[in-house]
Amino acid sequence: MNTRPLLIVIACAGLLGTTALTSPALAQDSIYVPLFTYRTGPYANSGIPIANGMHDYLTMLNERDGGIGGVKLKVEECETGYDVKRGVECWESVKDKNPTVVNPFSTGITLQVIPKAAVDKIPVLSMAYGLSASAIGEDFPWVFNPPATYWDGMSMIIRYIGDKEGGLAKLKGKTIGFIYLDAGYGREPIPLLEQLGKDYGFTVKLYPVAGKEMSDQSGQWLSVRRDRPNWMIMWGWGAMNPTAVKRAAENGYPMDHFVGIWWSGADSDASAAGQEAKGYLALNISGLGSNYPAIQDIKKYVVDKGKSQVASDQFASTFYDRGVYNSVLIAEAIRNAQKITGKKVVTGPDVRRGLETLDISEAHWKELGLPNFGTVVHSTCADHNGHSPAYMQQWDGTKWVKVSDWIEPMKDKVQPLLEKAAADYVEKNTGWPKRTEACDKPA
């Protein structure tokens, strides 16, 4: 008698039985961290490395430290495909599992779940994306977007361009082109760009790219050739980025006058054009490469043990490190929530308090094994962002290199617009609840 099938059935039954017996205990003794990711679809080239970085840092904390504060993290991905409807479905599927925080990783999804956050008592972490106005904590107590808003990013780019031109006053009479994904994400910084155009006397030319045009863009770059803008700024994502870089090179646009936001600066965005992309610039908020103790711990405890999905040539790539950065924010918010509440197994409302008193100093980045990986992150009840600086990286033909110090955002320009946008949001969304959440002192 062949007993192998029977043994398999018995083994599977045993595993199922074990799961059934231990799941309730695990649910009580673990901290649930859902990750909204997209490993498929036209945005996967951006989504995959970020998903791996997010997942691997949290897995490393489990493997190396036994979790956070002695409690294991239960990490679970939900595939959105960067699709808003699927993202909302992910929210609905996780909301009854006591999620500590949701990372939509899509501005479109973020905009849809913002009204749900206060109702379901789940904080939303939209790291350097999403609704810029959600930085105003008084109006958005459940939404956090550190370390900088899109509007901060745009102001940093304009400041960088101004410096290259000899000062912001030298922008008068210049033309700055803006090529962007024609979606909520791409349109988000336009009000500030147009305001800065009025303030400094430059002309803004807009080049929207619909989702179905991401892999073509011939029409947009024909218009760029016609208009001859002095500088080009890009707010692209997924397949749009490498296509735009290649089209710029093909059309002879000076690459050192072409600047992307931090979501348009992946290795794959520039490498598709190789040497032709040399000189292309992009902002960055996180570290470059693998020369950090914590990144080496990820390799030791996760990658080398086969617990990661990352391909060898994508480990510690720019967007992988960006995913790590995002998970540092998650982890430190959880750690902060444990300090504030005295609880080991924290919940969404606890982590909301942890996010609201987040304070990652330069010294703490070093303690985490990530010296100079990011700049200071500081949030308060009033300010859910921190408006931290970013730096400029440049493609040298084979890799990104850091080419600037930290660039401060134009807070005097950004803050009034943020406050007005937040007030407009509240006014347009009838019945928007007034803040009732108390403010904590920093832990």
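Figures for the structure shown
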{"quantity": "Filter result for Gln195 (open to solvent by less than 30 Å² (accessible area, probe 1.4 Å) and either touching a helix residue (DSSP H, G or I) at 6+ places or on another chain (Cβ under 7 Å) or among the polar types (S, T, N, Q) (or both))", "calculated": "no"}
{"quantity": "Positions within the stretch 267-314 being within 30 Å of Pro254 (Cα to Cα) and aromatic (Phe, Trp, Tyr), in sequence order", "calculated": "Tyr280"}
{"quantity": "Options Gly211, Gly177; residue that is in contact (Cβ under 8 Å) with a residue 24 or more places away in the chain, of a type in the set (Gly, Ala, Ser) and either open to solvent by 40 Å² or more (accessible area, probe 1.4 Å) or touching a Leu at 6+ places or on another chain (Cβ under 6 Å) (or both)", "calculated": "Gly211"}
{"quantity": "Sole exception among (1) out of contact with any strand residue (DSSP E or B) (no Cβ under 9 Å at 6 or more places or on another chain); (2) at pLDDT below 95 for Asp29, by number", "calculated": "(1)"}
{"quantity": "Residue match in the stretch 339-362 (condition: assigned to a loop (DSSP other than H, G, I, E, B) and within 19 Å of Arg64 (Cα to Cα))", "calculated": "yes"}
{"quantity": "Wholly enclosed helices (runs of 4 or more DSSP H) of the stretch 167-236 bearing at least 3 residues of a type outside the set (Val, Ile, Thr) and farther than 23 Å from Ala266 by Cα", "calculated": "190-200, 218-227"}
{"quantity": "Conditions (1) surrounded by fewer than 17 Cβ atoms within 10 Å (Cβ to Cβ); (2) touching a Phe, Trp or Tyr at 6+ places or on another chain (Cβ under 7 Å); (3) touching a residue at least 60 places away in the same chain (Cβ under 8 Å): number failed by Asp405", "calculated": "(3)"}
{"quantity": "Selection within the stretch 423-432 - open to solvent by 50 Å² or more (accessible area, probe 1.4 Å), in a helix (DSSP H, G or I) and either more than 12 Å from Asp139 (Cα to Cα) or touching an Asp or Glu at 6+ places or on another chain (Cβ under 9 Å) (or both)", "calculated": "Ala423, Lys428"}
{"quantity": "Top-ranked residue of the stretch 371-390 - restricted to ones that are in contact with a helix residue (DSSP H, G or I) (Cβ under 9 Å, 6 or more places away or on another chain) and part of a strand (DSSP E or B), ranked as surrounded by the most Cβ atoms within 10 Å (Cβ to Cβ)", "calculated": "Ala390"}
{"quantity": "Qualifying positions in the stretch 433-443 - open to solvent by 50 Å² or more (accessible area, probe 1.4 Å) and not basic (Lys, Arg)", "calculated": "Pro433, Thr436, Ala438, Cys439, Pro442, Ala443"}
{"quantity": "Subset of the stretch 214-228 [open to solvent by 10 Å² or more (accessible area, probe 1.4 Å) and not hydrophobic (A, V, I, L, M, F, W, C)]", "calculated": "Ser215, Asp216, Ser218, Gly219, Gln220, Ser223, Arg225, Arg226, Asp227, Arg228"}
{"quantity": "Those residues of the stretch 87-107 which are more than 20 Å from Asp350 (Cα to Cα) and crowded, with 18+ Cβ neighbours inside 10 Å, in sequence order", "calculated": "Gly87, Cys90, Phe105, Ser106, Thr107"}
{"quantity": "Residue count, the stretch 408-422 (criterion: open to solvent by less than 50 Å² (accessible area, probe 1.4 Å) and either in a loop (DSSP other than H, G, I, E, B) or touching a Cys at 6+ places or on another chain (Cβ under 9 Å) (or both))", "calculated": "2"}
{"quantity": "In the stretch 108-159, residue surrounded by the most Cβ atoms within 10 Å (Cβ to Cβ) [restricted to those that are hydrophobic (A, V, I, L, M, F, W, C) and without any contact (Cβ under 8 Å) to a residue 24 or more places away in the chain]", "calculated": "Val124"}
{"quantity": "The stretch 268-285, residues that are of a type outside the set (A, V, I, L, M), in a helix (DSSP H, G or I) and more than 18 Å from the chain's Cα centre (by Cα)", "calculated": "Ser271, Gly274, Gln275, Glu276"}
{"quantity": "Inter-residue pairs, beta-carbon under 7 Å, first closer than 14 Å to Ile114 by Cα and in the stretch 413-432, second part of a helix (DSSP H, G or I) and open to solvent by less than 50 Å² (accessible area, probe 1.4 Å), 6+ apart", "calculated": "Ala422/Ala133; Tyr425/Ala133; Trp432/Val426"}
{"quantity": "Any hit, the stretch 245-267, residues being outside any helix (DSSP H, G or I), closer than 30 Å to Glu419 by Cα and open to solvent by 10 Å² or more (accessible area, probe 1.4 Å)", "calculated": "no"}
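The rows are residues; the columns are (1) under 20 Å from Leu61 (Cα atoms); (2) in contact with a Lys or Arg (Cβ under 7 Å, 6 or more places away or on another chain); (3) part of a helix (DSSP H, G or I).
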| site | (1), (2), (3) |
| --- | --- |
| Gly287 | yes, no, no |
| Lys299 | yes, no, yes |
| Val302 | yes, no, yes |
| Gln309 | yes, no, no |
| Asp313 | no, no, yes |
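The values are calculated or read from the model by the stated rules, or taken from the named source; none is laboratory data. Please read these numbers as outputs of a predicted model, since none were measured by experiment. All Cβ positions, glycine included, derive from the backbone under ideal geometry; neighbour counts span all protein chains shown. Calculation scope for accessible area: heavy atoms of the full protein, side chains included, ligands and nucleic acids excluded. Shrake-Rupley method; radii C 1.70, N 1.55, O 1.52, S 1.80 Å.
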